[in-house]
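The values are calculated or read from the model by the stated rules, or taken from the named source; none is laboratory data. Bear in mind that the values here come from a model prediction, so they are computed numbers and not experimental data. Here the Cβ is made from the backbone with ideal geometry for all residues, glycine too, and neighbour counts use every protein chain on show.
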Amino acid sequence: MSRDNWVYLKFPSRPQNVAVARVAAATLASQLDFSLAEIEEIKVAVSEAVSNCVIHAYPHGEGPVEMEIRVGDEGFYVAVTDQGQGIADVAQAREPTFTTSRDPDHLGLGFTFMENFMDAMEVESAPGKGTQVRLWKKPAQVIFRTSSEEPT
């Protein structure tokens, strides 16, 4: 039986939908051989990607967020896309502690968390055209040995 599976979601950029995105990502990720810690990392990374849409993409209201999640032999993949205001300087936005938010609770670590918790991250954005964040992760290869086996 193939392990390939996918889900496509489209929802408004509301804070309560961050939890929906987390649950969907965790549900599909759990179909692979991820540890609980790895699933938590995926949930954090997805939360950050969707939160960025809620906080930054549509500063004057709500807009659509699209999320594509895929799992299979190649691992876990998610793309989070908005049609919002976009990012003028993606390299600057990826710098730790950079934020355009005036809220002191926003530390500017979203991209840092995504990059550290996932195996790969790509960000495409253009002012006035929105942003797409793509994230990949493979389950860690854990090898258990008996005490009599020599490491390879």
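Listing for the model above:
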{"quantity": "Residue that is farthest from Val78 (Cα to Cα), among those in segment 110-125 that are in contact with a Ser or Thr (Cβ under 8 Å, 6 or more places away or on another chain) and in a strand (DSSP E or B)", "calculated": "Ser125"}
{"quantity": "Residue check for Gly128: surrounded by 14 or more Cβ atoms within 10 Å (Cβ to Cβ), at pLDDT below 95 and part of a loop (DSSP other than H, G, I, E, B)", "calculated": "no"}
{"quantity": "Which listed residue is out of contact with any helix residue (DSSP H, G or I) (no Cβ under 8 Å at 6 or more places or on another chain) and at pLDDT below 95, from Ala88, Ala140, Ala93", "calculated": "Ala88"}
{"quantity": "Search result, residues across segment 52-74 that are at pLDDT 95 or above and either crowded, with 23+ Cβ neighbours inside 10 Å or assigned to a strand (DSSP E or B) (or both)", "calculated": "Pro64, Val65, Glu66, Met67, Glu68, Ile69, Arg70, Val71"}
{"quantity": "Residues located in segment 75-89, provided they are hydrophobic (A, V, I, L, M, F, W, C) and surrounded by fewer than 16 Cβ atoms within 10 Å (Cβ to Cβ)", "calculated": "Ala88"}
